[in-house]
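The values are calculated or read from the model by the stated rules, or taken from the named source; none is laboratory data. The structure presented is a predicted model; accordingly, all values stated were derived computationally and were not measured. Heads up, the Cβs are rebuilt from the backbone with ideal geometry, glycines too, and the neighbour counts pull from every protein chain shown. These accessible areas exclude ligands, DNA and RNA; they are computed on the full protein's heavy atoms, side chains included. Shrake-Rupley method; radii C 1.70, N 1.55, O 1.52, S 1.80 Å.
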Amino acid sequence: MFERFTRDARSTVTGAVTEARQSGAATVTEEHLLLSLLALGTLDPLGVDRTAVAADLAAARRRGGMSRADEEALAGLGIDLTEIVARVEETHGEGVLATPAPRRRTLGTSIRSALGRTERGDRGGNHHVPFTEGAKKVLEQSLRIALGRKDHHIGTLHLLLALLSRPGTVAEVLSDHGVTYTTAETTLAA
């Protein structure tokens, strides 16, 4: 499938891996794909403020990745998510829910580390970072969208549309900034 990706789409995927590494994340998520699209300027024609979107993603991360729909569902049960986050942060420190899970260390990596050697395949921190199921589904959906549009390649538009077609925090944040499937398709496909 990757051979169908345009150069910009490939840059988006490799940029997402870089975003994950820089943030210390154990996996590449849909959020990393969006941050990579933002860094490439893919959403610039839509008038999206990169800094504001990144801030909204960080705020969602601070809530443990809970979307507004999740927050509303909990509120319907009488649970105030803001209060829970405040109490957790009061006890464990600000941003604790946003902290990425640590990379698992194996016996081999511990021994190599103790000996001062790099991990296999690790050339200056370039360790393998796997994609989450959600991120994989975005890549698969981008192929379906490209095929549905009878396009012979997968571009950044297809990746963006795939992100917008999946429910969750990324689509919610984009919607808050006026980016919907329809607006992205009509503005960027022209």
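With both labels modelled 7 Å from their Cα along Cα-to-Cβ, the T187 to E94 distance reads 3.2 nm.
So how do 19-32, 157-170, 135-148, 176-189 stack up, highest first, on mean other-Cβ count within 10 Å?
Ranked from most to least packed, the peptides come out as 157-170, 19-32, 135-148, 176-189.
Computed in the context of the full set of protein chains, the accessible area of the stretch 124-175 at 1.4 Å probe radius has 54% of its extent on carbon or sulfur. Heavy-atom surface analysis with a 1.4 Å probe gives the stretch 1-64 a carbon and sulfur content of 48 percent of its accessible area. D151 contributes about 40 Å² of solvent-accessible surface, heavy atoms of the protein only, 1.4 Å probe.
Shown is the FRET efficiency for A73 and R21, computed with R0 = 41 Å from the Cβ-Cβ distance and rounded to the nearest 0.05: 0.80. Rolling a 1.4 Å probe across the protein heavy atoms gives the stretch 1-88 an accessible surface of 53 Å² per residue.
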